[in-house]
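Enquirer: Before I ask anything, let me first share the structure, which is written out below as structure tokens.
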Amino acid sequence: MKNSRAVFSEVQKKAGAFPFNIRSLEDEKRARMGLQEAVQHSLVKPYEVIFTPANTFVAGFHFTIALLPSGPLLITHPPIWYKPELVKTEKELEDENLKSVLARNLRESKKSKKKKAKAEGEAEVKEE
């Protein structure tokens, strides 16, 4: 119990609410014992290791988006080596609404916003 409290407080100081590695803690053996009890009491959530079958390929793409009042902004871009035309799948999306949402741009360009505003302004002038 004392060990788990010490390990949990060390985790809180070093990582806070973010993921951490057991190797980053001072005593790895003590940390393993202390973390078991912290996991049992739902103080820490373990990160499950994902296993894949032999002779298969798995790719994970992570990115960061900032949600701004003007719309979402992609902060991190996909890797340079990634080419969507080379990535094929056997599965296909069936829902048409979802397809249309995925086909849209993440953020509307400033030029198209100006054109739209200009067109709306002209339409208001014609109505008067």
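Enquirer: With the checklist (1) of a type in the set (D, E, K, R); (2) open to solvent by 100 Å² or more (accessible area, probe 1.4 Å); (3) modelled with pLDDT under 75 in hand, flag the one item Lys113 doesn't pass.
Expert: (2)
Enquirer: Name every residue in the range 7-36 that is open to solvent by less than 80 Å² (accessible area, probe 1.4 Å), in a helix (DSSP H, G or I), closer than 19 Å to Glu48 by Cα and aliphatic (A, V, I, L, M), in order of residue number.
Expert: Matches in the range 7-36: Val11, Ile22, Ala31, Leu35.
Enquirer: On the given criteria, is Thr76 open to solvent by 100 Å² or more (accessible area, probe 1.4 Å) and either of a type in the set (Ser, Thr, Tyr) or out of contact with any strand residue (DSSP E or B) (no Cβ under 7 Å at 6 or more places or on another chain) (or both)?
Expert: Criteria not met by Thr76.
Enquirer: Here is a further query. I need every pair where a residue in the range 28-40 that is over 10 Å from Ser4 (Cβ atoms) and of a type in the set (Asp, Glu) has its Cβ under 9 Å from the Cβ of a residue that is assigned to a helix (DSSP H, G or I) and open to solvent by less than 50 Å² (accessible area, probe 1.4 Å), sequence separation at least 6 or different chains.
Expert: Glu28/Ile22
Enquirer: Let me ask another. Quick test of your reading of the structure: Leu67 fulfils all but one of (1) hydrophobic (A, V, I, L, M, F, W, C); (2) open to solvent by 70 Å² or more (accessible area, probe 1.4 Å); (3) within 23 Å of Lys14 (Cα to Cα); (4) not in a loop (DSSP other than H, G, I, E, B). Name the failing condition by number.
Expert: Every condition holds for Leu67 apart from (3).
Enquirer: Within the range 46-61, can you find the residues that are closer than 14 Å to Lys88 by Cα and either open to solvent by 90 Å² or more (accessible area, probe 1.4 Å) or in contact (Cβ under 8 Å) with a residue 40 or more places away in the chain (or both)?
Expert: Within the range 46-61, Phe57, Val58 qualify.
The values are calculated or read from the model by the stated rules, or taken from the named source; none is laboratory data. Note that the structure is predicted; figures quoted are calculated from it, not measured. Every residue, glycine as well, gets a Cβ built from its backbone with ideal geometry; the counts of neighbours run over all protein chains shown. Heavy atoms of the whole protein, side chains included, go into the accessibility calculation; ligands, DNA and RNA do not. Shrake-Rupley method; radii C 1.70, N 1.55, O 1.52, S 1.80 Å.
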